[in-house]
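J.: Here it is: the structure, laid out below.
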4 protein chains.
Amino acid sequence: MKVDYTELKKVAIDLLAERGVTLEDIAKITLEIQSQYYDDITLEYCLEHVNHVLSKREVINAVLTGINLDIMAEQGHIKEPLRSILMNDYSLYGIDEVLAYSIINVYGSIGLTNYGYVDKLKVGILKDINDKIKYHERCNTFLDDIVGAIAAAAAGRIAHSKN
Amino acid sequence: MKVDYTELKKVAIDLLAERGVTLEDIAKITLEIQSQYYDDITLEYCLEHVNHVLSKREVINAVLTGINLDIMAEQGHIKEPLRSILMNDYSLYGIDEVLAYSIINVYGSIGLTNYGYVDKLKVGILKDINDKIKYHERCNTFLDDIVGAIAAAAAGRIAHSKN
Amino acid sequence: MKVDYTELKKVAIDLLAERGVTLEDIAKITLEIQSQYYDDITLEYCLEHVNHVLSKREVINAVLTGINLDIMAEQGHIKEPLRSILMNDYSLYGIDEVLAYSIINVYGSIGLTNYGYVDKLKVGILKDINDKIKYHERCNTFLDDIVGAIAAAAAGRIAHSKN
Amino acid sequence: MKVDYTELKKVAIDLLAERGVTLEDIAKITLEIQSQYYDDITLEYCLEHVNHVLSKREVINAVLTGINLDIMAEQGHIKEPLRSILMNDYSLYGIDEVLAYSIINVYGSIGLTNYGYVDKLKVGILKDINDKIKYHERCNTFLDDIVGAIAAAAAGRIAHSKN
């Protein structure tokens, strides 16, 4: 089997858009993380790094898998009891963090603390995503961790390239 | 949300059975790993440790998620191109190994090499599971890694308790 | 080789104390994380969970390894260029986060975000530990990540037991 | 602090050589893994990929840290009881596998099973390294896992580039 990852990257970006998240939304989170360290950093620069993160196969596969799980939970294709666990973003589920970790790791462990930070403080669009979970409008169990992880990985990539 | 993990453990065991894998099948893999180190080890003893591994929430959540992904791929609920990736057990997908790693890790990193070993040599029922992938009868992309990981984690648990 | 982990736990606690960190200091970080979720939580309760985290072999081994690396860097036993990397807590080093992750993982991936949060905001004693790095009084490259990881793991353990 | 990773890579390669391991030794393990899948693969091709793996910062940092720990254990700079744990390659220690995992992960989770396989079967130079542990001539607790992990990561890199 041959898989075209340039094609797959587009699918991943479309899936994110379908769930209400643009690459610019993610880059804004990266900008907020990085503006603590660098004065002159721009949104365009962050966007470029977010784009590179989304070219990595491991990241693309995590995005496709996580968001498809969210969608199938919403549509009722996932059997109970897993469906309820996902619909309620049950805090001890943990597989969402496991996927997030596989994204962060692409640029080494230094993305780890950035991920925890943005996830906890619900930086930028992460607040909107989580509000939708709270009011049961959407199943975003994987989406919020995926978005936070991509933003954190992009911040890690910037730290590497600044060295 | 309150989740009853005693109930959820039964669901996980039923899901494994539905995909053709009993806890005894898993214990046989553990026995093969451990018989290299200990002469007097029995299948019953291994089964007991497999049972303990399956009581852990992280393990139960990984089993429910992985097997549900296999089933939904088979049933056509997962959108392309992810469906084809799963149906073909595409070797660069990697999310199956990510879930496996979250299972192994429950008893520390010492399960890591056991997992790689049984996965590579297709010990015991892992051969049957993989033959079904090869002949396209089933989507077992997650199942084989999950079964190998539980067996390896049980071997890790035995090593800890023997100390 | 037989290793007595009850003995080893004491060694780990003594090493932490030698570096200026008591279990109570760690429990205070856990308390700050958890007080956002539970009103009635006490320092004693957090301390009990920190104690349990420190009974785990994986945690003990990470503590012994990390703090010994800090000490040997200070004493000049580690060869250059690694010594300078450690003495300066070089931000792209990453092995400190790798050890931290092995601690957090003992109670599953849910400790991940707590770790990132306390590490970023330098909660409690983490501020003192980092000030000592900044003013080059001490090599605390591993210590701060280890302390944050134990506190986060204890918070994860509390979340599990409250369910 | 600025760190020159081209320089650091040379230090890592020198440290491996000092412990009796050349990049060609590592490439031979990669060749054995990959010759099961590809007929036409050469040692030169594997060596090229091993070289790329060793250019990654995360890998370089793991090599420097692990081998320095082995050396300091041998020289008696590490305090007891950690020293004895390392000198005996105590099987429940686990931090060696933690470092190995951080190396493998650089090319995604697909290197995981290759690592377990070569570690278990002691492919190529891994046999010599382990014999030296057994006969207490050397402390190679980290060296064997590091070498196996680099070989497995190189195999993962080849799999990615062949796609």
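J.: Which one of the conditions (1) crowded, with 17+ Cβ neighbours inside 10 Å; (2) away from chain B (no Cβ under 14 Å); (3) under 24 Å from C:Asn68 (Cβ atoms); (4) in contact (Cβ under 8 Å) with a residue 12 or more places away in the chain does D:Val3 fail to meet, given that it meets all the rest?
T.: Condition (4) is where D:Val3 drops out.
J.: Quick check: is even one residue across segment B:72-81 within 13 Å of chain D (Cβ to nearest Cβ) and either open to solvent by less than 10 Å² (accessible area, probe 1.4 Å) or in contact with a helix residue (DSSP H, G or I) (Cβ under 9 Å, 6 or more places away or on another chain) (or both)? Reasoning before the result, please.
T.: Quick first cut of segment B:72-81, residues within 13 Å of chain D (Cβ to nearest Cβ) only: none.
No, segment B:72-81 contains no residue that is within 13 Å of chain D (Cβ to nearest Cβ) and either open to solvent by less than 10 Å² (accessible area, probe 1.4 Å) or in contact with a helix residue (DSSP H, G or I) (Cβ under 9 Å, 6 or more places away or on another chain) (or both).
J.: Now for a different question. Out of the residues in segment C:107-124 that are open to solvent by 30 Å² or more (accessible area, probe 1.4 Å) and more than 7 Å from chain A (Cβ to nearest Cβ), state the one that is modelled with the lowest pLDDT. First the steps, then the outcome.
T.: Initial filter on segment C:107-124 (open to solvent by 30 Å² or more (accessible area, probe 1.4 Å)): C:107, C:117, C:120-122, C:124.
Filter once more, so that each one left must be more than 7 Å from chain A (Cβ to nearest Cβ): C:107, C:121-122, C:124.
Numbers: C:Tyr107: 81, C:Leu121: 89, C:Lys122: 92, C:Gly124: 94.
It comes out as C:Tyr107.
J.: Looking at segment C:17-39, can you tell me whether even one residue there is open to solvent by 10 Å² or more (accessible area, probe 1.4 Å) and closer than 22 Å to D:Val98 by Cα? Spell out the reasoning first.
T.: We begin by selecting, within segment C:17-39, every residue open to solvent by 10 Å² or more (accessible area, probe 1.4 Å); these are C:17-20, C:22-25, C:28, C:31-32, C:35-39.
Retained after the next criterion (residues that are closer than 22 Å to D:Val98 by Cα): none.
Looking through segment C:17-39, none of the residues is open to solvent by 10 Å² or more (accessible area, probe 1.4 Å) and closer than 22 Å to D:Val98 by Cα.
J.: Quick one: count up the residues across segment C:125-141 that are more than 13 Å from every other protein chain (Cβ to nearest Cβ) and not β-branched (Val, Ile, Thr).
T.: Looking only at segment C:125-141, we keep the residues that are more than 13 Å from every other protein chain (Cβ to nearest Cβ), and these are C:125, C:127-129, C:131-132, C:135, C:137-140.
Next, only the ones that are not β-branched (Val, Ile, Thr) stay: C:127-128, C:131-132, C:135, C:137-140.
Total satisfying the criteria: 9.
J.: Out of the residues in segment C:59-71 that are of a type outside the set (A, V, I, L, M, F, W, C) and over 20 Å from B:Ile110 (Cα atoms), state the one that is farthest from the other protein chains (Cβ to nearest Cβ).
T.: First, pick out the residues of segment C:59-71 that are of a type outside the set (A, V, I, L, M, F, W, C): C:61, C:65-66, C:68, C:70.
The next check asks that each one be over 20 Å from B:Ile110 (Cα atoms); those that pass are C:68, C:70.
On the way: C:Asn68: 6, C:Asp70: 12 Å.
Result: C:Asp70.
J.: Find the residue count for segment C:142-163, including only residues that are within 11 Å of chain A (Cβ to nearest Cβ) and under 22 Å from A:Ile85 (Cα atoms). Lay out the reasoning, then the answer.
T.: Looking only at segment C:142-163, we keep the residues that are within 11 Å of chain A (Cβ to nearest Cβ), and these are C:144-145, C:148-149, C:152, C:156, C:159-163.
Within this subset, residues satisfying the condition of being under 22 Å from A:Ile85 (Cα atoms) are C:156, C:159-163.
Summing the residues that are within 11 Å of chain A (Cβ to nearest Cβ) and under 22 Å from A:Ile85 (Cα atoms) in segment C:142-163 gives 6.
J.: Take segment C:40-58 and flag every residue that is open to solvent by less than 70 Å² (accessible area, probe 1.4 Å) and within 14 Å of chain B (Cβ to nearest Cβ).
T.: Taking segment C:40-58 as the starting set, the residues that turn out to be open to solvent by less than 70 Å² (accessible area, probe 1.4 Å) are C:41-43, C:45-47, C:49-51, C:53-55, C:57-58.
Listed by number, the residues that qualify are C:Val53, C:Ser55, C:Arg57, C:Glu58.
J.: Let me ask something else about it. Inside segment A:82-94, can you point out the residues that are touching a helix residue (DSSP H, G or I) at 6+ places or on another chain (Cβ under 6 Å) and more than 8 Å from chain C (Cβ to nearest Cβ)?
T.: Of everything in segment A:82-94, those that are touching a helix residue (DSSP H, G or I) at 6+ places or on another chain (Cβ under 6 Å) and more than 8 Å from chain C (Cβ to nearest Cβ) turn out to be A:Leu82, A:Arg83, A:Leu86, A:Met87, A:Asp89, A:Tyr93.
J.: Kindly indicate the residue of segment C:109-127 that is hydrophobic (A, V, I, L, M, F, W, C) and assigned to a helix (DSSP H, G or I) and also farthest from B:Asn61 (Cα to Cα) among those meeting that condition.
T.: Pass one, segment C:109-127, residues hydrophobic (A, V, I, L, M, F, W, C): C:110, C:112, C:118, C:121, C:123, C:125-126.
Going one step further and asking which of them are assigned to a helix (DSSP H, G or I), we end up with C:112, C:118, C:121, C:125-126.
On the way: C:Leu112: 17, C:Val118: 27, C:Leu121: 31, C:Ile125: 35, C:Leu126: 33 Å.
Only one residue fits best here, namely C:Ile125.
J.: Residue check, C:His160 against (1) under 26 Å from A:Asn105 (Cα atoms); (2) open to solvent by less than 30 Å² (accessible area, probe 1.4 Å); (3) assigned to a helix (DSSP H, G or I), all met but one. Which one?
T.: C:His160 satisfies every listed condition except (2).
J.: Could you list, in sequence order, all residues of segment A:84-96 that are in a helix (DSSP H, G or I) and surrounded by fewer than 24 Cβ atoms within 10 Å (Cβ to Cβ)?
T.: Restricting attention to segment A:84-96, the residues satisfying the condition of being in a helix (DSSP H, G or I) are A:84-87, A:95-96.
The answer is A:Ser84, A:Ile85, A:Met87.
J.: Going through segment B:67-106 one residue at a time, which ones are at positive phi and in contact (Cβ under 8 Å) with a residue 24 or more places away in the chain?
T.: Taking segment B:67-106 first, the residues at positive phi are B:76, B:89, B:94.
Residue satisfying the conditions is B:Asp89 alone.
J.: Under 24 Å from C:Gly148 (Cα atoms) and not charged (D, E, K, R) - does that describe any residue in segment A:127-135? Explain how you work it out, then say what you get.
T.: Filtering segment A:127-135 down to residues under 24 Å from C:Gly148 (Cα atoms) leaves none.
Among the residues of segment A:127-135, not one is under 24 Å from C:Gly148 (Cα atoms) and not charged (D, E, K, R), which makes the answer no.
J.: Scan segment B:128-155 residue by residue and report those that are part of a helix (DSSP H, G or I) and more than 14 Å from the chain's Cα centre (by Cα).
T.: Of segment B:128-155, the ones part of a helix (DSSP H, G or I) are B:128-134, B:141-155.
B:Asp131, B:Lys132, B:Ile133, B:Lys134, listed by residue number.
J.: I'd like to check something: does segment A:136-157 contain any residue that is open to solvent by 10 Å² or more (accessible area, probe 1.4 Å) and of a type in the set (A, V, I, L, M, F, W, C)?
T.: Taking segment A:136-157 first, the residues open to solvent by 10 Å² or more (accessible area, probe 1.4 Å) are A:136-138, A:157.
If we keep only those that are of a type in the set (A, V, I, L, M, F, W, C) as well, we get none.
No, the conditions are met nowhere in segment A:136-157.
The values are calculated or read from the model by the stated rules, or taken from the named source; none is laboratory data. Note that this is a predicted model, so its numbers are computed, not measured. Neighbour counts are summed over all protein chains in view; Cβ atoms, including those assigned to glycine, are modelled from backbone coordinates with ideal geometry. To get the accessible areas, we keep the full protein, side chains included, count just its heavy atoms, and leave off ligands, DNA and RNA. Shrake-Rupley method; radii C 1.70, N 1.55, O 1.52, S 1.80 Å.
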